[in-house]
1. Residues A:Leu89, A:Leu101, A:Leu147: which one is at negative phi and surrounded by fewer than 19 Cβ atoms within 10 Å (Cβ to Cβ)?
2. Return a yes/no flag: does the stretch A:161-173 have any residue that is under 23 Å from A:Asp328 (Cα atoms), assigned to a helix (DSSP H, G or I) and free of Cβ contacts under 8 Å to residues at least 12 places away in the same chain.
3. Taking the options B:Ala14, B:Ala2, B:Ala27, B:Ala87, name whichever one is within 14 Å of chain A (Cβ to nearest Cβ) and small (Gly, Ala, Ser).
4. Going through the stretch A:78-110 one residue at a time, which ones are within 28 Å of the chain's Cα centre (by Cα) and farther than 23 Å from A:Val142 by Cα?
5. Of (1) away from ligand 1 (no atom under 11 Å from the Cβ); (2) more than 12 Å from B:Cys75 (Cβ to Cβ), B:Ile117 satisfies all except one. Which?
6. Quick check on my filter: what residues within the stretch B:30-42 are open to solvent by 40 Å² or more (accessible area, probe 1.4 Å) and either more than 10 Å from every other protein chain (Cβ to nearest Cβ) or part of a helix (DSSP H, G or I) (or both)?
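The values are calculated or read from the model by the stated rules, or taken from the named source; none is laboratory data. No experiment lies behind these values; they were computed from the predicted model shown. Ideal geometry is used to build each Cβ from the backbone, glycine not excepted, and the neighbour counts take in all protein chains shown. What goes into the accessible areas is simple: the full protein's heavy atoms, side chains included, and nothing from ligands, DNA or RNA. Shrake-Rupley method; radii C 1.70, N 1.55, O 1.52, S 1.80 Å.
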Amino acid sequence: MSVGELILFGIIKFIAIVFGWVMLVATVLTLMERKQSAFMQNRVGPNRAFVFGKKFPLSAFIGHLLSDALKVLVKEDFEPPRANKWLHLLGPGIAVIPAWLLWVVIPFGPGPMPGAEGDHPFLIANLNVGVLFMFAVMSLSVYGATLGAWASNSAYSLLGGLRTAAQMISYEVTLGLNLVGVFMIFGSTRLNDIIWGQGQSAWGIFLQPVGFVLFLVASIAETKRAPFDLPEAESELAAGYFTEYSSMRFAVYSLGEFIGIVAVAAVAVCCFLGGWQIPWVETPVDASGVPIYGWLTVAQIAIFLFKMVIFIWLQMQIRWTLPRFRYDQLMKLGWLYLLPLSLLNLVVTAIIMYAVR
Amino acid sequence: MATIHVKRPELTFAEKLYIPEVVKGLAVTTRQLVKNVFTRKDITTRQYPEEKRPYPDRFRGRHRLMWDDDKNVRCVACMLCSTACPANCIHIVAGDRGDDKVEKYPVSFEIDLLVCIYCGFCEEACPCDAIRMDSGKHPLPSFSRDKQRIRKVQLLEEGDFSIARRGGRGT
Ligand code: SF4
Ligand code: SF4
């Protein structure tokens with residue numbers, strides 16, 4: 001393939017995956033979360049906005065999605081009087097673009113085996129740095145929140161932005177270190193290779209149980225949800241870093257957060273829950289190591305999405321179960337417990353790997 | 001004042017680890033989730049406008065003016081209610097009824113419901129059971145402030161006969 005074709009295919013895949021699947025999930029999540037939390041708390045949640053007033057199954061669900069979308073589009077777009085106009089405008093964009101870019105390295109379905117030549121049809125870009133690219137981009141999303149917060153010239157926003165910066169930087173360390181264990185075991189940073197490796201040995205959650213728990217904790221902190229939702233603690237900071245945002249800009253911020261949740265779920269599924277591997281089912285490959293695509297591939301993509309939904313559900317369930325930490329507790333947990341534990345996890349993994357070999 | 005030492009509960013090791021407790025909490029919320037999604041047993045939400053909950057008998061709702069025996073206004077314009085009203089929202093203009101026993105009647109009787117605090121002092125002050133707050137209804141929403149000033153006619157619409165005796169001693 002020529003370079004031009006590669007770029008064209010990349011863009012088509014990007015639009016198909018990000019706008020066809022990720023944005024859809026993120027939008028549905030905004031409503032699902034309200035429904036889920038309602039049922040957890042013995043309420044019924046949003047059930048009023050029917051599509052054209054007609055009561056067919058899922059009518060209330062779709063109606064609420066549509067009316068929410070309409071609402072954010074037509075609301076007044078307020079800009080605080082002494083805000084920094086350009087940064088205030090750019091903030092949501094800077095926050096949401098990294099969240100989209102994360103999807104470039106996530107394989108939705110089986111690709112060629114490690115070492116084999118061939119295109120990966122379910123991956124936007126087959127980078128050899130793999131997940132590291134993802135971390136590089138993820139740390140950029142701090143800028144969106146912090147710049148937007150600073151630009152809006154409000155004390156609440158500023159405090160929220162500062163907390164965001166501190167929290168995300170602290171927990172990114174743990175998040176990354178726990179994946180290092182997985183990289184060590186499977187000897188690659190490409191998610192595709194890691195998933196193949198998990199099919200041959202065992203899922204990452206069994207090889208790295210401590211790593212999985214620490215990753216889960218750090219990922220919730222990374223996505224700024226309770227019990228780590230200090231950047232947007234309603235009771236103290238109104239809405240934290242996006243207090244001064246309204247209408248579509250507000251919606252873009254919260255969509256960015258939801259996309260982050262889905263992205264973290266995708267990484268967790270790839271690294272710890274076996275990606276698109278179905279338990280006890282071998283992926284058929286031809287002589288050169290390229291999988292033979294067929295109905296099994298469809299099932300594998302479906303199971304990947306299913307695992308993602310389960311992980312997102314777990315994140316939401318935790319978010320609506322636990323109360324918020326105090327700020328000092330948050331920092332203490334991150335630096336004094338999670339970081340040493342993940343380092344210890346790495347050392348133990350290395351020792352065991354040496355001993356087994 | 002002496003310092004009071006509050007005894008804090010000692011956490012066991014498992015509780016200090018935090019994770020087992022988190023799992024316990026998740027078990028509770030997941031149980032509720034599954035139960036409510038499939039059986040809706042524990043849901044306590046009332047679908048308000050369709051499904052109203054009866055108010056207690058002594059609920060202080062929108063005011064009404066009671067009738068005398070021939071369905072006229074029972075109020076004698078004694079101004080006790082508007083004097084007692086802490087919000088100063090009852091406005092009465094008195095007129096001559098042409099009756100020796102009951103001298104006055106209200107030419108106009110207005111209550112500004114936006115100002116009223118629903119304290120119930122007016123109905124307590126009334127000597128002849130003319131104003132009551134037992135309609136059990138809310139003030140209705142409206143698009144203008146003026147609509148929230150309810151007048152004598154509206155107040156009388158909700159009225160009823162009263163068995164109480166009107167007037168002072170000797171009547
Ligand atoms: S309820 Fe209280 S505030 Fe309202 S009219 Fe009566 S006395 Fe005044
Ligand atoms: S206290 Fe009763 S009788 Fe007197 S003015 Fe008020 S409503 Fe009328």
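1. A:Leu89
2. Within the stretch A:161-173, not a single residue is under 23 Å from A:Asp328 (Cα atoms), assigned to a helix (DSSP H, G or I) and free of Cβ contacts under 8 Å to residues at least 12 places away in the same chain.
3. B:Ala27
4. Selection gives A:Pro107, A:Phe108, A:Gly109, A:Pro110.
5. (1)
6. Selection gives B:Arg31, B:Val34, B:Lys35, B:Val37, B:Phe38, B:Thr39.
One line per residue, one yes/no per condition, for (1) touching a residue at least 12 places away in the same chain (Cβ under 8 Å); (2) touching a strand residue (DSSP E or B) at 6+ places or on another chain (Cβ under 8 Å); (3) more than 20 Å from B:Cys119 (Cα to Cα):
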residue	(1), (2), (3)
B:Glu21	no, no, yes
B:Thr39	no, no, yes
B:Ile43	no, no, yes
B:Glu51	no, no, yes
B:His63	yes, yes, no
B:Cys75	yes, yes, no
B:Ser82	yes, yes, no
B:Pro86	yes, no, no
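Residue-wise test of (1) of a type in the set (A, V, I, L, M); (2) within 15 Å of A:Met168 (Cβ to Cβ).
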site	(1), (2)
A:Ile194	yes, no
A:Val213	yes, no
A:Ile220	yes, yes
A:Thr223	no, yes
A:Ala226	yes, no
A:Leu230	yes, yes
A:Glu234	no, no
A:Ser246	no, no
